[in-house]
Amino acid sequence: GGLTWEVIVVDDGSKDDTFGVACRAAASASGVKAETKAGPPPSSPFKILRLKRNRGKGFAVRTGVHFASGSLILMADADGATKFEDLDRLLALCPEKVKKANSEKEKENRGNTESVDVVFGSRAHLAKESEAQRKWYRTILMWGFHGLVRLMVGGSVKDTQCGFKLFTRAAARCLFASVHESRWAFDIELLILAQSLGFRIGEVPVRWSEVPGSKINPAVASIQMARDMTLTRLMHLLGLWRPVLSVEEGRKESCTPPPVSRRSLEASPLGGTGSNRVGGLGVGEGGGFGMSRSN
């Protein structure tokens, strides 16, 4: 059967018309004539959130997860660098899909596949190709960063920074309730938390293309990432940052994670909610989206 879905857009305090564009697009997709920023109707599967000021990618994603109602939650960058057609690759490792696939394999006496709680989309298979396209100093920064990541969190995941990740609801509740890092190193903290809580982690290759227009200075960003990564790892090693929820608590809907303060939002979320959905969310420098598609 097909999957039902919702789309959550988080505008991370952008100064352009990201919020207006998202509201009008969501309203139009919901069959509503949108001439203002009123956004989609309450029955819509779209939710539009706008932060009062720029809080960083990590904070924006955490906000989106807080309002997600799906049994699976996807995060995706706003620039469309990854392809949503690749969602099926991530879904293939999730418990429901694996259970169904294993039942078919048992009939054919084939080995079972292990399901996972967190799936990292990966660009690692594109490393050689990207080296040929990048300037030499970007390649040096890339390999220096990967080396630091392996030193900090090991080599279980080759690409921690790809903005295409899928979480079971229990994993998302536990991880995002405990994330402290609000900016680019938050992906690293997600991996640290997932490892410490014993969540099963998978990584699958996805298609990715570089989208022009980034305002990020690679040298400055690399220094900030190295600093934030080192601090994050140190805080967890010293026990100063600890998971807020256990895995068992994350599976209990009655156990509520620490809320995202609505004071950080410029407006209450616009749009509807639903139960037993595949949630989607995403952020970028101005906002973003994510979604599942029926299969």
Residues of segment 143-154 being within 21 Å of W208 (Cα to Cα) and not in a helix (DSSP H, G or I), in sequence order, are none
Pairs, first closer than 21 Å to G154 by Cβ in segment 233-248, second part of a loop (DSSP other than H, G, I, E, B), C-beta under 6 Å, six or more apart: M235/W241; W241/H180
Segment 226-237, subset of a type outside the set (A, V, I, L, M, F, W, C) and open to solvent by less than 70 Å² (accessible area, probe 1.4 Å), residue farthest from F145 (Cα to Cα): H236
In segment 175-217, residue modelled with the highest pLDDT [restricted to those that are open to solvent by less than 10 Å² (accessible area, probe 1.4 Å) and part of a loop (DSSP other than H, G, I, E, B)]: V206
Among the listed residues V244, V220, identify the single one that is open to solvent by less than 90 Å² (accessible area, probe 1.4 Å) and outside any helix (DSSP H, G or I). V244
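A quick yes/no check of all residues on (1) open to solvent by less than 60 Å² (accessible area, probe 1.4 Å); (2) among the acidic types (D, E); (3) within 14 Å of the chain's Cα centre (by Cα):
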{"residue": "G154", "(1), (2), (3)": "yes, no, no"}
{"residue": "L166", "(1), (2), (3)": "yes, no, yes"}
{"residue": "Q224", "(1), (2), (3)": "no, no, no"}
{"residue": "G239", "(1), (2), (3)": "yes, no, no"}
Pick out, from segment 1-95, the helices (runs of 4 or more DSSP H) lying fully within it that include 3 or more residues that are at negative phi, open to solvent by 40 Å² or more (accessible area, probe 1.4 Å) and at pLDDT 90 or above. none
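The values are calculated or read from the model by the stated rules, or taken from the named source; none is laboratory data. Owing to the predicted nature of the structure, the values given are computational and were not obtained by experimental measurement. Every residue, glycine as well, gets a Cβ built from its backbone with ideal geometry; the counts of neighbours run over all protein chains shown. Please note that ligands, DNA and RNA were not included when accessible areas were found on the heavy atoms of the full protein model with its side chains. Shrake-Rupley method; radii C 1.70, N 1.55, O 1.52, S 1.80 Å.
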